[in-house]
Amino acid sequence: MRITIFGSGYVGLVTGACLADAGNHVLCVDVDERKTAMLQRGEVPIHEPGLESLIRRSADAGRLRFTTNAQEGVDHGLFQLIAVGTPPDEDGSADLRYVLAVARSIGEHMKDYKVVVTKSTVPVGTADKVRGAVREALDQRRARLEFDMVSNPEFLKEGRGDRRFHEARPGWSIGTDSDRATELLRSCMNPLPTIATA
């Protein structure tokens, strides 16, 4: 499967490296040119046991790449995973500006069907906001394109990220109201995740 991950922080890097190691073709997109250049050179900007070798193995095999080009990212993946930061807002709530900016970018650049997946730590109801942002961008283009929304919260633990990723897969919590997205996710993730339809 071809997967794009927006955000090359802890969640994005661990998820991308593990999905690529499982045989998927993953492209990680980040706005930070310095960090992206480091990753392209095989340098990992965070400390996570085993992550550097995992990234290098998949990069050397051509299954894991890094870019700052959003258009390239949207073109690449059937799955568009949003794994950007959600820093606390002034009132303590999650700041969704980066999540929604990615959603708008997906809507601005997509040319065919996509499965949009939120992996960032977000409050209940965010999927509707992301869906609305993608749809608004498509409407502005007058583009009649289909997409599905999926919520897949992360439960990684620093220091054990890749192990937690693989250990958690049988019990991954995935929320979607689309049978099509459910079947595509089942073919992407093995063993099968727990599917919670909304």
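A few comments on the model shown:
- Listing of strands (runs of 3 or more DSSP E) fully contained in segment 44-131 that carry 1 or more residues being crowded, with 19+ Cβ neighbours inside 10 Å, at negative phi and polar (S, T, N, Q): 79-82, 114-118
- Only residues that are among the basic types (Lys, Arg), loosely packed, with under 14 Cβ neighbours inside 10 Å and touching a residue at least 12 places away in the same chain (Cβ under 8 Å) were counted in segment 132-150, giving 1.
- Residue that is modelled with the lowest pLDDT [pool: residues in segment 132-157 that are closer than 24 Å to CYS188 by Cα and assigned to a loop (DSSP other than H, G, I, E, B)]: LYS157
- From the options THR15, THR4, THR36, residue that is of a type in the set (Ser, Thr, Tyr) and touching a Gly at 6+ places or on another chain (Cβ under 7 Å): THR4
- Test for LEU192: is it surrounded by fewer than 18 Cβ atoms within 10 Å (Cβ to Cβ) and at pLDDT 95 or above: no
- Enumeration of residues in segment 19-38 that are in contact with a Leu (Cβ under 7 Å, 6 or more places away or on another chain) and part of a helix (DSSP H, G or I): ALA20, ASP21
- The residue of segment 70-87 that is modelled with the highest pLDDT, among those that are under 19 Å from GLU33 (Cβ atoms) and among the β-branched types (Val, Ile, Thr), is VAL74.
The values are calculated or read from the model by the stated rules, or taken from the named source; none is laboratory data. All figures in this text were calculated on a predicted structure; none of them were measured in a lab. Counting neighbours? That spans all protein chains shown, and the Cβs are built from the backbone with ideal geometry, glycine included.
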